[in-house]
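Colleague: I'd like to ask you about the structure that follows.
The values are calculated or read from the model by the stated rules, or taken from the named source; none is laboratory data. The model shown is predicted, which means the values in this text are computed figures rather than measured ones. Because the Cβ atoms are built from the backbone with ideal geometry, glycine has one as well, and the counts that use them run over all protein chains shown. Just the protein is used for accessible areas: all its heavy atoms, side chains included, with ligands, DNA and RNA removed. Shrake-Rupley method; radii C 1.70, N 1.55, O 1.52, S 1.80 Å.
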Amino acid sequence: QVQLVESGGGLVQAGGSLRLSCAASGNTFTLNPIGWYRQAPGKQREFVAQITSAGGTNYADFVKGRFTVSRDNTKKTVWLQMNSLKPEDTGVYYCVEWGSIVTWGQGTQVTVSS
């Protein structure tokens, strides 16, 4: 069974940076796309970024040029480097693995102050 554990969230000022990490257990990490969703207070969860097992990436328009997703299959870890953060980036960030079932982490809080 896959488990995903996020870390790296916190409080940062607008314009700052954070790097989120997601550590995976299980044997499917190297096979599946991994990525990130986020949920702001009072809003629906939304897609942020995804990286395939081969390293192909896909981003939501609102993070293009600011966020970078990467992975290391040997470490079973995926990262989300977030630069030029804005207050509207505030929310809980969830790691997601798209396998035969979709697996979610517990989330990590990111708060960007203005």
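Colleague: Which of (1) part of a loop (DSSP other than H, G, I, E, B); (2) open to solvent by 70 Å² or more (accessible area, probe 1.4 Å); (3) not β-branched (Val, Ile, Thr) is the odd one out, the single condition Gln109 does not satisfy?
Modeller: The number of the failed condition is (1).
Colleague: Then there is this: Scan segment 1-23 residue by residue and report those that are hydroxyl-bearing (Ser, Thr, Tyr) and surrounded by 13 or more Cβ atoms within 10 Å (Cβ to Cβ).
Modeller: Within segment 1-23, Ser7, Ser21 qualify.
Colleague: From the residues in segment 56-87 that are among the polar types (S, T, N, Q) and not in a strand (DSSP E or B), which one is most open to solvent (accessible area, probe 1.4 Å)?
Modeller: So the residue we want is Thr74.
Colleague: While we're looking at this one, here's another question. Name the single residue that is least open to solvent (accessible area, probe 1.4 Å) among those in segment 34-54 being over 20 Å from Gly91 (Cβ atoms) and at pLDDT below 95.
Modeller: Going through the qualifying residues, I end up with Ser53.
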